[in-house]
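Undergrad: Starting off with a structure, shown below.
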There are 4 protein chains.
Amino acid sequence: MNAFGDKWTFTSFGESHGVAIGGVLDGVPAGLHIDMEMIRAELARRAGSKTSPQPSSKERETGVSPRAVREPDEVEWLSGVITPSLEGRAGEGLLTLGTPIAFIIRNKDARPEDYEWLKHTYRVGHADKVYEQKYGIRDWRGGGRASARETAARVVAGSIAKQELTSKGVCIHARLIQVGAETNPAKFADTIAAYKREGDSIGGIIECRITGLPVGTGEPIFDKLQAHLAFAVMSINACKGFEYGTGFEGVTQPGSAINHISGGIAGGIADGSEIVFRCVFKPTPTTPKALKKLNDQMVHVKMVNRSDACVAVRAVPVVEAMAALALVQFL
Amino acid sequence: MNAFGDKWTFTSFGESHGVAIGGVLDGVPAGLHIDMEMIRAELARRAGSKTSPQPSSKERETGVSPRAVREPDEVEWLSGVITPSLEGRAGEGLLTLGTPIAFIIRNKDARPEDYEWLKHTYRVGHADKVYEQKYGIRDWRGGGRASARETAARVVAGSIAKQELTSKGVCIHARLIQVGAETNPAKFADTIAAYKREGDSIGGIIECRITGLPVGTGEPIFDKLQAHLAFAVMSINACKGFEYGTGFEGVTQPGSAINHISGGIAGGIADGSEIVFRCVFKPTPTTPKALKKLNDQMVHVKMVNRSDACVAVRAVPVVEAMAALALVQFL
Amino acid sequence: MNAFGDKWTFTSFGESHGVAIGGVLDGVPAGLHIDMEMIRAELARRAGSKTSPQPSSKERETGVSPRAVREPDEVEWLSGVITPSLEGRAGEGLLTLGTPIAFIIRNKDARPEDYEWLKHTYRVGHADKVYEQKYGIRDWRGGGRASARETAARVVAGSIAKQELTSKGVCIHARLIQVGAETNPAKFADTIAAYKREGDSIGGIIECRITGLPVGTGEPIFDKLQAHLAFAVMSINACKGFEYGTGFEGVTQPGSAINHISGGIAGGIADGSEIVFRCVFKPTPTTPKALKKLNDQMVHVKMVNRSDACVAVRAVPVVEAMAALALVQFL
Amino acid sequence: MNAFGDKWTFTSFGESHGVAIGGVLDGVPAGLHIDMEMIRAELARRAGSKTSPQPSSKERETGVSPRAVREPDEVEWLSGVITPSLEGRAGEGLLTLGTPIAFIIRNKDARPEDYEWLKHTYRVGHADKVYEQKYGIRDWRGGGRASARETAARVVAGSIAKQELTSKGVCIHARLIQVGAETNPAKFADTIAAYKREGDSIGGIIECRITGLPVGTGEPIFDKLQAHLAFAVMSINACKGFEYGTGFEGVTQPGSAINHISGGIAGGIADGSEIVFRCVFKPTPTTPKALKKLNDQMVHVKMVNRSDACVAVRAVPVVEAMAALALVQFL
């Protein structure tokens, strides 16, 4: 199913190369002010364009998709919000009505013909084959629902959730902390560029810090805060792992050394300290280099220009969005 | 809330030192045969007693709780199953009726007085304090709901799920693969014993392998198989991380090297190959050694005999149970 | 499935002639005081014994089941509540812990042998046959889950919900307003007795009035207050209809005459005025008289002493319980 | 919340005079053929135009809204379906992809200025006031979400559900059986016209018959078939009651006379016979006549041309749609 959350329910829809992708966010209280600039900025981060209309040569080299630049994601609001001109009070901003917020982002330069060759081909490391096995039919145009494009709708909904959280003093901040073996952020761009030059790709680790969450947020037993954060983040394409607090590396430390580290959560419930979690993204599977490593199950393909060398770069705002959608359910 | 799953809904209840812990498993089809011996064996694994009435001296030394031995977990079935003597056909075994299966495990030697000192004390690394902050009231007897004892109910429900999965050809097998820095299983017992001797504790990593899951199991977008497995496993006390396939270590590998590793899941959907996931458990926080490291927020306490030096040992069947409960929702 | 509600989730379990029936009520906040006497009184109403240990000859005659008298329903609390003796402060009453409240009512004089003849027989107007068709197996002892006995668990959970609603100023009161064609309450007992003497049974209409519900309770579109009340009440065995406000009879009135009657709900949302709904219960199907009207699909059976001539009498507290469970989800 | 169903989840969105109304239908299997003509025909029935571009003078007189005629509801498909031209196989029809089906119906002649006077006015018998009390803000344009226009989205989703049910042999057929005191269908149009001429309105009763539902459909206890049908139908605006089988009138009949009538459902489960339910719709509250009956709480208003004299007429396809959405969850 394509819905997330039971208080603020976000339903995502749309094929990557159909008419539009979009979503419905239901359960948002009436009277919230939504900052459109903030949503645009988040979408630009996800698109890899960082609010600038054209990426710098540096940005291009470091894995920013040229597609993103050609397709500024523009949100069309269908319902659930009211603009000042209708209400008549100038300058009051966009307001939520308490009804479902529906929005779409049109697939402006959808070019199904670019993907014509995929019609009878499965890409390695992609969900093409398994989708066809599951559904018996598949929208072969650009990955359909499995495309990373679907995350744009998550970013819109997540930004609304984040704005609400921010207004309550909850701050969510994610950043890339590792690319391949490299942990120095100053060298990330160079590292990615190097892999790209070789026609290859590389993974990354994102760290997310959450502050201001009221003590007591979360539920014991099955609805633990960490379980819901893991569920939210692991639903992002290419994410292969989630950890918080002492994480996997903590395994080598004795209890006497680390038993004071809660990672912000005790028994599934926020304890008032900062929550720190990390997640890992695998490299893009479809790369030129992959062409040379054929196997018998999958047809390897040339790397289309539309893919990035390090998807973790653009996953940062998606991680924040999903964390926000997970947390807003508990408020 | 205390329910897991929407097809086979498992509701867990009971305080660790109240009358009983138990659960209700709703949604189980009628006519399934339940093997009681299998459930008893799983409970014994969780209790650390391995079906033997008394642990060997070796077992005791390696972190097996003496409590487990004194409290054989005996399941009382309240509803949802019918025994041969009622149906009249001898030897047919215990059958599910298609109605909710309710069961309890009595807390036979519940000794609230053992925990009297906890009434006005919070244990470090435990959820005692945060529970009281959240609820304003707390069952201080042995951790109440936050106690590891709650996992016994998970194991009962998980075993029923596992039996159903097994009958459909799905096999779930978890094992401890690392204790502290030690990765040789032959040395795990010694490693744990060494930490215990020092009044300390240590974490562990559990690996779980799943075979036989039909291609197409799982859903794209939010209900990805890995997201549900992560949600299930991260809900276990002391679990600090979940990864599958290439996991966190894969971050250093280029796409060309690892893009053929699916970890058994593509786009959130089982692709027919073996699913491999790992999860990490932190060390028990309440150890004698911890006594010496006081801080001002929490009162550190002596390690009660009831705790283990490496909780990961007994978490193995719980991981299997939660994986089974997660997977059975998709059948 | 056997759960009701997503905020206060009530899971019902138990076969009527198994070990016990019972339930788990999850989502109840911590710190509520539960009045046990009130629960006992509700159970006595449902059992038809009205707190008196023995029914009067009048009561017996008017359809009160002798079974109810022989089986005082005694609630055993398994979890989720704490008694004064444990907390140490005398006289404080039973308190909720914020954890799942599990309880059972043992089937003390379960006499499967009484139902032996049902093993290969379906009762007319009962769900015996359809259960066997659906599940392939059936607990033939007294109707299993389909038995009216299951409603005792609803009454316990509903009473807790009602106590919470009362403390918030919400009052729920149901009463029988019609038995057969009779609308004078003073003559209900005689009317029922007359049908019983003839070996027959008769239906009844219950009216329920709700006051004090805060304006704005309920949700527009699908989760309208009236839809949830209808869902709750129509889930009671033998209930054949639900109406509120102007109901079915309003069909003959022009808008100009009745457009001011809201029934307490506008657009699915409480408008602050009293909510009035009615529901109808059909007569007990298994009566002596039914014996004479055989058909080829069902074997008609003698009326067992355990059945009532007018089930609507005992349905009154069940209607209140279900209304309370429906409403408490919105608080 | 604005979602219905947990297997085929339908999320409705849109204000009646905003950009568009619409919905997302999630959970529909891949590979279903959707007949667009059937959806158009259902929408025309709901709009009161019966597929004919212009209503006859007779139709106009009998309560057909002129609005409906001016606003042919045209569905724009945003996702979840694929057309032959993309798949390349001519004549194959519209196919579902197994992904969420999103659609909108634009509010072509949305004229907020028509409702300008409502900005500071509440209509009697409408949800205007209670919405503002609940949300603190309200889209005053034509009733916002509370408008009957929202039901167009239900009809689209319901038609897809109905097509799937039909393909499985389940037939749902609703029809008007009573208007005011009139039960002769041949006189319905005249009866409605008479009320309309007097500036008044009148209620109606709709009967719905369901055949072909497999024995065993439905669940005992809370998820009884009748409870879900009642929940679905009672969520339609102006619906004041639901009954099935012997219904309210059965109250005067003894068990011996009616205990063989199941209404198609036994113990909450379909028994293979025809299911018959009825529901009642109150008259439109805003009528010219209502103007004369002022009270102090609500400002009475003139009947706008956009309202009908008997909303039950147009509710018929909505009842079918909601019944279909309720039933499709059980397949």
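Undergrad: Looking at (1) closer than 30 Å to residue B:97 by Cβ; (2) within 11 Å of chain C (Cβ to nearest Cβ); (3) open to solvent by 10 Å² or more (accessible area, probe 1.4 Å), can you tell me which one residue D:218 breaks?
TA: With respect to (1) closer than 30 Å to residue B:97 by Cβ; (2) within 11 Å of chain C (Cβ to nearest Cβ); (3) open to solvent by 10 Å² or more (accessible area, probe 1.4 Å), residue D:218 is out only on (3).
Undergrad: Select from segment C:199-231 the residues that are among the hydroxyl-bearing types (Ser, Thr, Tyr) and in contact with a helix residue (DSSP H, G or I) (Cβ under 9 Å, 6 or more places away or on another chain) and list them in ascending order. Step through it out loud before you land on a result.
TA: In the first step, residues of segment C:199-231 are kept if they are among the hydroxyl-bearing types (Ser, Thr, Tyr); the result is C:201, C:211, C:217.
Within segment C:199-231, C:201, C:217 qualify.
Undergrad: Name the pairs: first residue in segment D:161-181 and within 28 Å of residue D:283 (Cβ to Cβ), second residue open to solvent by 80 Å² or more (accessible area, probe 1.4 Å) and outside any helix (DSSP H, G or I), Cβ to Cβ under 7 Å, at least 6 apart or on different chains?
TA: Once the first residue is within 28 Å of residue D:283 (Cβ to Cβ) and sits in segment D:161-181, its partners that are open to solvent by 80 Å² or more (accessible area, probe 1.4 Å) and outside any helix (DSSP H, G or I) give D:173/D:209; D:177/D:183.
Undergrad: If you don't mind, another one. Please count how many residues of segment D:4-29 are within 9 Å of chain A (Cβ to nearest Cβ), surrounded by 19 or more Cβ atoms within 10 Å (Cβ to Cβ) and either aliphatic (A, V, I, L, M) or assigned to a helix (DSSP H, G or I) (or both).
TA: 3
Undergrad: Residue by residue through segment B:193-207, note down the ones that are touching a Leu at 6+ places or on another chain (Cβ under 9 Å) and not in a strand (DSSP E or B). Step through it out loud before you land on a result.
TA: At the first step, the residues of segment B:193-207 found to be touching a Leu at 6+ places or on another chain (Cβ under 9 Å) are B:199, B:204-207.
If the condition is that a residue be touching a Leu at 6+ places or on another chain (Cβ under 9 Å) and not in a strand (DSSP E or B), then B:199 is the only one that fits.
Undergrad: Continuing with the same structure: Quick check, is residue B:266 among the hydrophobic types (A, V, I, L, M, F, W, C) and either closer than 24 Å to residue B:317 by Cα or more than 7 Å from every other protein chain (Cβ to nearest Cβ) (or both)? Can you show your working first?
TA: Details: among the hydrophobic types (A, V, I, L, M, F, W, C): yes; either closer than 24 Å to residue B:317 by Cα or more than 7 Å from every other protein chain (Cβ to nearest Cβ) (or both): no.
Here the answer is no, as residue B:266 does not meet what is asked.
Undergrad: If you scan segment C:178-206, which residues turn out to be at the interface with chain D (Cβ under 10 Å from one of its Cβ atoms) and touching a Gly at 6+ places or on another chain (Cβ under 8 Å)?
TA: C:178, C:179, C:180, C:195, C:200, C:201, C:202, C:203, C:204
Undergrad: Still on this structure, please answer the following. Looking at B:247, B:203, can you tell me which residue is touching a residue at least 12 places away in the same chain (Cβ under 8 Å) and at positive phi? Spell out the reasoning first.
TA: Numbers: B:203 fails: at positive phi.
Result of the check over B:247, B:203: B:247.
Undergrad: Let me ask another. Every residue in segment A:211-226 that is part of a loop (DSSP other than H, G, I, E, B) and touching a Gly at 6+ places or on another chain (Cβ under 7 Å), please.
TA: First pass over segment A:211-226, keeping only residues part of a loop (DSSP other than H, G, I, E, B): A:212-220, A:224.
Within segment A:211-226, A:212, A:215, A:218, A:219, A:220, A:224 meet the criteria.
Undergrad: From the residues in segment A:275-301 that are open to solvent by less than 10 Å² (accessible area, probe 1.4 Å), at pLDDT 90 or above and not in a loop (DSSP other than H, G, I, E, B), which one is nearest to residue B:258 (Cα to Cα)?
TA: Checking each candidate, the answer is A:281.
Undergrad: Restricted to segment D:193-207, and to residues that are over 21 Å from residue C:247 (Cα atoms) and under 23 Å from the mean Cα position of the chain (by Cα), which residue is surrounded by the fewest Cβ atoms within 10 Å (Cβ to Cβ)? Walk me through how you get there before you give the answer.
TA: Just the residues of segment D:193-207 that are over 21 Å from residue C:247 (Cα atoms), to begin with: D:193-194, D:196-199.
Checking the rest, the ones that are also under 23 Å from the mean Cα position of the chain (by Cα) come to D:193, D:196.
Numbers: D:193: 17, D:196: 21.
Residue satisfying both the conditions and the ranking: D:193.
Undergrad: I've got another one for you. Answer with yes or no whether residue B:232 is assigned to a helix (DSSP H, G or I), touching a Leu at 6+ places or on another chain (Cβ under 8 Å) and more than 7 Å from chain A (Cβ to nearest Cβ). Break it down stepwise before answering.
TA: Details: assigned to a helix (DSSP H, G or I): yes; touching a Leu at 6+ places or on another chain (Cβ under 8 Å): yes; more than 7 Å from chain A (Cβ to nearest Cβ): yes.
Considered against the rule, which asks whether it is assigned to a helix (DSSP H, G or I), touching a Leu at 6+ places or on another chain (Cβ under 8 Å) and more than 7 Å from chain A (Cβ to nearest Cβ), residue B:232 comes out as yes.
Undergrad: Could I ask something else about it? Just checking, which of D:38, D:1 is modelled with pLDDT under 90 and either more than 7 Å from chain A (Cβ to nearest Cβ) or closer than 23 Å to residue D:230 by Cβ (or both)?
TA: Values: D:38 fails: modelled with pLDDT under 90.
Going through D:38, D:1 in turn, the sole match is D:1.
Undergrad: Among (1) within 11 Å of another protein chain (Cβ to nearest Cβ); (2) charged (D, E, K, R); (3) buried (at least 17 other Cβ atoms within 10 Å of the Cβ); (4) closer than 24 Å to residue D:126 by Cβ, where does residue D:149 come up short?
TA: It is condition (1) that residue D:149 fails.
For every residue, the table says whether it meets (1) surrounded by fewer than 24 Cβ atoms within 10 Å (Cβ to Cβ); (2) among the polar types (S, T, N, Q); (3) not in a helix (DSSP H, G or I).
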site	(1), (2), (3)
A:157	no, no, no
A:191	yes, yes, no
A:209	yes, no, yes
A:228	no, no, no
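Undergrad: Then there is this: Applying the selection to segment B:248-274, what residues are in a loop (DSSP other than H, G, I, E, B) and buried (at least 21 other Cβ atoms within 10 Å of the Cβ)?
TA: To start, the set of residues in segment B:248-274 that are in a loop (DSSP other than H, G, I, E, B) comprises B:248, B:253, B:259-264, B:267-268, B:271-274.
B:248, B:259, B:262, B:263, B:264, B:267, B:268, B:271, listed by residue number.
Undergrad: Hey, can you tell me all the residues within segment C:159-189 that are in a helix (DSSP H, G or I), among the small types (Gly, Ala, Ser), over 18 Å from the mean Cα position of the chain (by Cα) and under 22 Å from residue C:270 (Cβ atoms)?
TA: Taking segment C:159-189 first, the residues in a helix (DSSP H, G or I) are C:159-167, C:185-189.
Of the ones still in play, those that are also among the small types (Gly, Ala, Ser) are C:159, C:161, C:167, C:186, C:189.
Okay, now just the ones that are also over 18 Å from the mean Cα position of the chain (by Cα), so C:167, C:186, C:189.
Across segment C:159-189, the qualifying residue is only C:167.
The values are calculated or read from the model by the stated rules, or taken from the named source; none is laboratory data. All values reported here derive from a predicted model rather than from experimental measurement. When we count neighbours, we look across all protein chains shown, and the Cβ atoms used for this are built from the backbone with ideal geometry, even at glycine. When the accessible area is computed, the model is the full protein with side chains, heavy atoms only, and any ligands, DNA or RNA have been set aside. Shrake-Rupley method; radii C 1.70, N 1.55, O 1.52, S 1.80 Å.
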